[in-house]
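Here the structure comes first, spelled out in structure tokens, and everything after it is commentary.
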Amino acid sequence: MPDTGRSERGAVSAARTRDFARFRHEALLLKALGISKPLIACMAQRAAVTGTSIETEVLASGAIDEEAYYGGLARMAGLPFVAEIPDGMINDGPALDCQLKEPTLVRLHCNGRAPVIALVPKITHIEGLASRVKRSACLGETIVITTPSAIRRAVWKAGGERRGRVAVHGLFQATQPLSARTVVTGDQGFSAGLLISGLLMLLALAPQLLMIILHLILSLFHLGGLMLRLAVLAHTRRHGSEHETMLQSADMALPIYSVMVAIYREAAVVPQLIAALDEIDWPRSRLDIKLVCEADDLETLAAIAKVRPGPHFEVVEVPAMQPRTKPKALTYALAGARGEFITIYDAEDRPHPQQLREAYHRFRLSSDKLACLQSPLVIANGGESWLSAVFALEYAALFRRLLPALGFYRMPLPLGGTSNHFRTAALTGCGG
């Protein structure tokens with residue numbers, strides 16, 4: 001019989017050899033930049049698993065400061081380094097938003113001078129860039145090196161007013177019937193007026209008959225709700241609860257996942273929120289966490305800066321304009337979402353560390369028509385009082401029984417407003 005253990009060890013050894021060959025040139029350049037061998041080796045192992053590069057893993061780990069890293073690349077290339085792009089140097093346009101997802105370069109416009117290219121180079125391209133700078137001295141006057149974060153900050157500010165207008169007016173202009181700006185249509189107003197007139201006439205002519213009719217309608221309404229819950233209990237007895245083995249996939253199979261949290265005047269919960277998000281079991285190089293705040297909410301912004309979140313966090317400042325709502329803030333930040341999937345949390349949420357993996361598992365097992373998943377919400381303080389206990393019981397009935405049954409029969413169901421997981425393409429396709 002063949003020795004399967006030996007063949008598996010041989011396959012692993014061959015894979016390691018290929019990874020070493022793939023990362024050898026990058027590792028030598030990183031060593032020349034001054035990064036230690038142990039750190040390079042550790043990040044190379046992560047890159048081999050996640051399918052990224054050593055450079056990506058080094059920056060995502062937070063072991064090297066971003067400005068120090070790209071400052072070193074600027075010295076290797078012989079180009080100036082710019083840590084912060086001043087306001088007003090970038091011309092806005094819809095095409096500019098691609099730099100929020102993958103910052104590579106932007107054109108800087110200076111008064112009285114030719115435009116300058118602000119570049120975010122990869123270390124594997126730095127030798128070619130340095131040789132071109134040596135051959136052409138004028139390149140040093142037209143190209144500067146900057147950081148991805150600096151480009152993102154500058155692009156967010158440059159297009160802030162345009163994205164704000166799109167977030168506020170975009171749905172109404174594109175699909176007016178789906179917008180809540182139109183509270184009552186003409187047909188709805190006519191029907192409501194006709195109904196109210198009929199009720200008033202009936203109240204004046206036959207008040208007792210009106211009371212009987214209203215009593216019958218309300219009784220049927222509540223009976224319908226009761227029958228729905230009885231049907232859910234019958235569904236639970238027939239089908240039971242769905243228990244699936246959680247996906248234990250290798251990190252190399254995982255895409256970029258965006259996590260968006262809208263925060264407004266909630267500085268007190270910022271440390272708890274960031275600690276909870278840091279517990280998420282997902283590779284840091286494949287995680288895109290956006291803390292969406294109002295630009296004039298200085299207290300919350302200061303609280304976030306005090307905690308100093310890792311490189312996988314990004315603070316998105318929404319321009320101060322009405323309405324100050326969660327949907328507007330999240331739609332504004334959607335322009336910079338880098339993930340194939342997006343989840344939304346509230347500031348007080350403490351998501352289960354494995355939630356992203358289970359959501360991705362369910363998306364993979366389902367057809368492409370599945371656009372959204374609702375994670376069950378659990379009340380953490382159910383034992384503190386009778387009111388919180390009733391609240392916890394209501395959440396358990398809704399998220400553990402009613403919503404799964406509605407989903408099983410493909411009926412409309414309400415989303416919880418938090419812990420929703422979306423395919424990014426489907427979310428952007430329907431207007432955010």
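The values are calculated or read from the model by the stated rules, or taken from the named source; none is laboratory data. Just so it is clear, the model here is predicted, and its values are computed rather than measured. Here Cβ is always computed from backbone atoms with ideal geometry, including for glycine, and neighbour counts include all displayed protein chains.
Summary table
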| item | result |
| --- | --- |
| Residue under evaluation R338, criteria (1) surrounded by 15 or more Cβ atoms within 10 Å (Cβ to Cβ); (2) basic (K, R); (3) outside any loop (DSSP other than H, G, I, E, B), criterion not met | (3) |
| Residue match in region 183-206 (condition: in contact (Cβ under 8 Å) with a residue 40 or more places away in the chain and of a type in the set (S, T, Y)) | no |
| Odd one out for G112 among (1) assigned to a loop (DSSP other than H, G, I, E, B); (2) within 30 Å of C42 (Cβ to Cβ) | (2) |
| Any helices (runs of 4 or more DSSP H) falling wholly within region 383-432 and containing at least 1 residues that are more than 26 Å from the chain's Cα centre (by Cα) | 386-397, 403-408 |
| Residue in region 132-157 that is modelled with the lowest pLDDT, counting only those that are among the polar types (S, T, N, Q) and assigned to a helix (DSSP H, G or I) | T142 |
| One residue from A77, A63 being out of contact with any Asp or Glu (no Cβ under 8 Å at 6 or more places or on another chain), more than 18 Å from G128 (Cα to Cα) and among the aliphatic types (A, V, I, L, M) | A63 |
| Every pair of residues 6+ apart whose Cβ atoms lie under 6 Å, when the first sits in region 403-423 and is farther than 19 Å from Q354 by Cβ while the second is modelled with pLDDT of 90 or more and surrounded by 14 or more Cβ atoms within 10 Å (Cβ to Cβ) | L415/Q374; R423/A371 |
| Output for region 121-135, where each listed residue is surrounded by 16 or more Cβ atoms within 10 Å (Cβ to Cβ) and over 19 Å from V106 (Cα atoms) | A130 |
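So that you can scan it fast, the table gives a plain yes or no per residue for (1) within 21 Å of W282 (Cβ to Cβ); (2) among the hydroxyl-bearing types (S, T, Y):
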site: Q374; (1), (2): yes, no
site: V378; (1), (2): yes, no
site: V390; (1), (2): no, no
site: Y395; (1), (2): no, yes
site: L398; (1), (2): no, no
site: L402; (1), (2): no, no
site: L413; (1), (2): no, no
site: R423; (1), (2): yes, no
